[in-house]
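The values are calculated or read from the model by the stated rules, or taken from the named source; none is laboratory data. Only a predicted model underlies this, so the values are computations on that prediction, with no experimental measurement involved. Don't worry about glycine lacking a Cβ; one is built from the backbone with ideal geometry, like all the others, and counts go over all protein chains shown. Heavy atoms of the whole protein, side chains included, go into the accessibility calculation; ligands, DNA and RNA do not. Shrake-Rupley method; radii C 1.70, N 1.55, O 1.52, S 1.80 Å.
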Amino acid sequence: MALDEAVLESAEPGGCYLRRYCWAGRSPHGATFGYFQPWACAESAARRRFPGADVPVVRRPTGGGVVFHDGDVTFSFVFPWPAPLTPGLVYRNIHLGVHAGLKMLGLASRLWAEPRPDKTLRVECFSAPEPMDLTHEDGAKFLGGALRRRRGVGLYQGSLRPEGFGAQPEMLWRAVEEGLALQWRTKFSPAKPRPCVAAEARRLDVERYRTKEWNRKR
Amino acid sequence: MTNPESCRYAKSHEWVCLEGDGAVVGLSDHAQKEITDVVFVELPKVGRKVGQGEAVAVVESVKAAFDFYAPVSGEVCAVNEELSSNPALVNQSPHDKGWFFKLKPSVPGEARQLMDHAAYQEFLKTAAH
């Protein structure tokens, strides 16, 4: 989370940055929840998903619902987002990119087009598809994401579930990389964060994302 | 209700309307339409001193959180509590019931440097908005 925000803050004009998460530390799993969600709601969802396990539950800077990270391909994408502001168009672009990447590898997906039945936010991101989510043919959601826009730059945090593909996560990650590169007409090269970005991420990690003040702010 | 034509606008789509020695702040009609259905709003605390262009509030719509910037510097003296229970007011009434907060400006003349309504309408025609 901290590195995502540091990259969002320091993005070069026009720059695109794609990052894949590894889940490490005291638990190989974790849960993240939306900026506006109540802590109690996210924590109880995580307890139900991981009974008896001590998993980190962290508030994201992006919107949306609770996401469980247990075997998913977790990634973030920072990109120019000048105008229009419409989030649906941004989701569509990102998810069309992944859709194209999967197609290049011979994997089918569907851009969910059904309208939302209501405007209320679902507690768990993967409980049902939202417009512009990617699903399998049977409507089972496998790609969900959430956004933050700051000073004309966007941050997308996404989770791709491998179930139902019969493909390894590495192959799905390749689809994400190649699809987003195609959709954004860019090329991703492996890189480490600049020292100032890494330092800012460490600061945000300690002063925000690991604190109760942040995670339990509501 | 604030008259949209008498407001000043920031490039980041906030409006400010001067009222006596205070100012009312909100999100432009154009921006609320683009952001679509607002489901949450986080407002600054009363008493907070903010600088022009500082991120002071957050709006969520369709799983996207947007930073909201102070169009002028000053001290927040009131917030629209109704938005916490009814954030849709931002969409329904962006220049009236959907106002965000009031502040006491601290830098005279800052609002006049922002776009007037006509200039904002022209700005919206450009690709850069």
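Scanning the range B:75-90 for residues that are touching a Lys or Arg at 6+ places or on another chain (Cβ under 9 Å), open to solvent by 40 Å² or more (accessible area, probe 1.4 Å) and within 14 Å of another protein chain (Cβ to nearest Cβ) yields a single hit, B:N86. Looking at the range A:92-115, which of its residues are farther than 18 Å from A:W173 by Cα and part of a helix (DSSP H, G or I)? Of everything in the range A:92-115, just one residue is farther than 18 Å from A:W173 by Cα and part of a helix (DSSP H, G or I), namely A:R92. Only one of these is within 14 Å of chain B (Cβ to nearest Cβ) and either open to solvent by less than 10 Å² (accessible area, probe 1.4 Å) or more than 15 Å from A:F79 (Cα to Cα) (or both): A:L143, A:L160. Name it. After ruling out the rest, the residue left standing is A:L143.
Evaluated against (1) open to solvent by 60 Å² or more (accessible area, probe 1.4 Å); (2) in contact with a strand residue (DSSP E or B) (Cβ under 7 Å, 6 or more places away or on another chain); (3) closer than 22 Å to B:P87 by Cβ, A:T120 falls short on exactly one condition, (2). Pairs meeting the criteria (first residue in the range B:55-68 and under 11 Å from B:V90 (Cβ atoms), second residue small (G, A, S) and part of a strand (DSSP E or B), beta carbons under 9 Å, at least 6 apart or on different chains) are B:V59/B:A65; B:F68/B:A55; B:F68/B:A57. For the range A:80-111, what are the residues that are away from chain B (no Cβ under 11 Å), touching a Ser or Thr at 6+ places or on another chain (Cβ under 9 Å) and crowded, with 19+ Cβ neighbours inside 10 Å? Within the range A:80-111, A:H95, A:V98, A:H99, A:L102, A:S109 meet the criteria.
Looking only at the range A:151-185, residues that are over 19 Å from A:L105 (Cβ atoms) and over 16 Å from the mean Cα position of the chain (by Cα) come to 3 in all.
Look at (1) more than 21 Å from A:R151 (Cα to Cα); (2) assigned to a helix (DSSP H, G or I) and you find that B:C77 fails only one, number (2). Selection of the range A:30-56 for residues being open to solvent by 30 Å² or more (accessible area, probe 1.4 Å) and either free of Cβ contacts under 8 Å to residues at least 12 places away in the same chain or within 14 Å of chain B (Cβ to nearest Cβ) (or both) yields A:P38, A:A40, A:C41, A:S44, A:R47, A:R48, A:P51, A:G52. The set of residues in the range B:21-64 being more than 7 Å from chain A (Cβ to nearest Cβ), assigned to a helix (DSSP H, G or I) and in contact with a His (Cβ under 8 Å, 6 or more places away or on another chain) consists of B:D29, B:H30.
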